[in-house]
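To start, the structure under review is shown below, and the notes come after it.
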Amino acid sequence: MRCAPLLASLVLAILWPRPARAYAWMIRHGYTTCATCHVDPSGSGVLTPYGRAQGEILLQSRYGKPAEEASPAANFLWNALRTPDWLLGGGEVRYMGLRTKIGDGPTTGDLILMQGDLAAAVQVSGFRASASLGYVTTTGSLASLAGQVISREHWVGWAFDDGALLVRAGRINVPFGIRSIEHTMFVRQTTRTDLNDTQQHGVALSYSGELIRGEVMAIAGNFQIRPDANRERGYSGYVEVSPLSRLGIGVSSLVTHAAEDLFLRGVANTRQAHGLFVRASPWRPLVLLGEADYVVQTPSGAPSQRGLATMLQADYEPWQGIHLIATGETLDHAGSGISYGGWLSAAWFFAPHLDIRADLMNRSELIGANRYAVLAYMAQGHLYF
């Protein structure tokens, strides 16, 4: 890739992260599938009533109280607004303080509204629908509807076989790899499969079973960007097998083509990403998440660009609600060098619908022939409705 656009992408990715909520480490409690707690069968977004209850019982600190059942505070808007059974409410606000140093440059600081979304879902018999509407402080988001008003996802579908199968169409999170909130990691950036604004319009088929879960999507493009030539078309999907209650092993695959790639200054480009991922909890307080993705880009008139992105994360929960997290990541630029980084994080789910998190990220990133040291300190506050 050209050096200048990549450097700009790196800086923007660090300065403007806007993650949504998805906790792959729930596998420590034997939850190998996501459809039990989320309307989206692959995780994230609006919670089901059961998911809300488990969020209070299993996620937040209990302060010595038994975790046998959830209080009414687990409901939408802390039970201030009761919705009918067929209508599920949701939404999130996430605010962050950030300090960043890139190379020999000065340390800069900012306060960022990472996420301010309202969401709703409908479940009537087999009918399913979900949509979100939000606001961002900058323009140019790939999820933009108009200016700073965004919609990360909106879809309708129909569930079969008691909800095990779901067919849906609309703007959907791309099914690929481990769904997590750290969308600036190499595995999420290089595959363009984060929860921030890389959702695509298309049709998806998902299956959620005790042993196998998976989803495949026919990608029609992101219709919230213009012109049409910038839109990627192709497919993406994953399959995960869970031979044990706290172990999941999966494969992912993605192939798309754009007549004028949005990130390559209008050059026609075919992207491929194929990888493996694993979620394991050998001991309930500890969850290991790993992913490795082989990525190929074939821009028109230029040699193919190949790379391998990897991630390994350990999440340790010494007391319920407190998470100590260590993450390592690499990006092999096909013989030209390796970018690598490490994260140290701590999170505390201290009350219903509320958590805080702190991160220290240190990267050595190779861009073209140059290497850049990136150091970032992040402190976040998060509430969901």
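The values are calculated or read from the model by the stated rules, or taken from the named source; none is laboratory data. Quick caveat: nothing in here was measured; it's all calculated off a predicted structure. Ideal geometry is used to build each Cβ from the backbone, glycine not excepted, and the neighbour counts take in all protein chains shown. The protein model used for the area step is the full one, side chains on, heavy atoms only, and it has no ligands, DNA or RNA in it. Shrake-Rupley method; radii C 1.70, N 1.55, O 1.52, S 1.80 Å.
Scanning the stretch 273-319 for residues that are surrounded by fewer than 18 Cβ atoms within 10 Å (Cβ to Cβ), hydrophobic (A, V, I, L, M, F, W, C) and closer than 30 Å to PRO227 by Cβ yields VAL296, ALA302. Residues in the stretch 279-318 that are assigned to a strand (DSSP E or B), farther than 17 Å from ALA24 by Cα and not charged (D, E, K, R): TYR294, VAL295, VAL296, GLN297, THR298, PRO299, GLN305, GLY307, LEU308, ALA309, PRO318.
Counting residues in the stretch 324-333 that are within 23 Å of GLY45 (Cα to Cα) and assigned to a strand (DSSP E or B) gives one or more. Among residues of the stretch 199-225 that are in contact (Cβ under 8 Å) with a residue 24 or more places away in the chain and surrounded by fewer than 16 Cβ atoms within 10 Å (Cβ to Cβ), those with a beta-carbon under 7 Å from a residue that is outside any strand (DSSP E or B) and not basic (Lys, Arg) at least six positions away or on a different chain give the pairs GLY209/ALA164.
Collect the residues in the stretch 169-198 that are open to solvent by less than 20 Å² (accessible area, probe 1.4 Å), of a type in the set (D, E, K, R) and either part of a helix (DSSP H, G or I) or under 18 Å from CYS37 (Cα atoms) (or both), keeping them in residue-number order. Scanning the stretch 169-198 gives a single hit, ARG188. Restricted to the stretch 101-151, the set of strands (runs of 3 or more DSSP E) holding at least 2 residues that are open to solvent by 50 Å² or more (accessible area, probe 1.4 Å), farther than 21 Å from PHE223 by Cα and at pLDDT below 95 comprises 108-124.
In the set GLY341, GLY248, which member is in contact with an Asp or Glu (Cβ under 8 Å, 6 or more places away or on another chain), closer than 29 Å to ASN370 by Cβ, in contact (Cβ under 8 Å) with a residue 60 or more places away in the chain and surrounded by 15 or more Cβ atoms within 10 Å (Cβ to Cβ)? If you could, list the steps in order and put the result at the bottom.
On the way: GLY248 fails: closer than 29 Å to ASN370 by Cβ.
Among GLY341, GLY248, only GLY341 is in contact with an Asp or Glu (Cβ under 8 Å, 6 or more places away or on another chain), closer than 29 Å to ASN370 by Cβ, in contact (Cβ under 8 Å) with a residue 60 or more places away in the chain and surrounded by 15 or more Cβ atoms within 10 Å (Cβ to Cβ).
Of everything in the stretch 256-272 that's of a type in the set (A, V, I, L, M) and farther than 15 Å from THR198 by Cβ, which residue is most open to solvent (accessible area, probe 1.4 Å)? Give the steps one after another, and end with the answer.
In the first step, residues of the stretch 256-272 are kept if they are of a type in the set (A, V, I, L, M); the result is 258-259, 262, 264, 267-268.
Applying the additional criterion that residues be farther than 15 Å from THR198 by Cβ yields 259, 264, 267-268.
Values: ALA259: 56, LEU264: 10, VAL267: 33, ALA268: 28 Å².
Looking at the filtered set, the residue picked out is ALA259.
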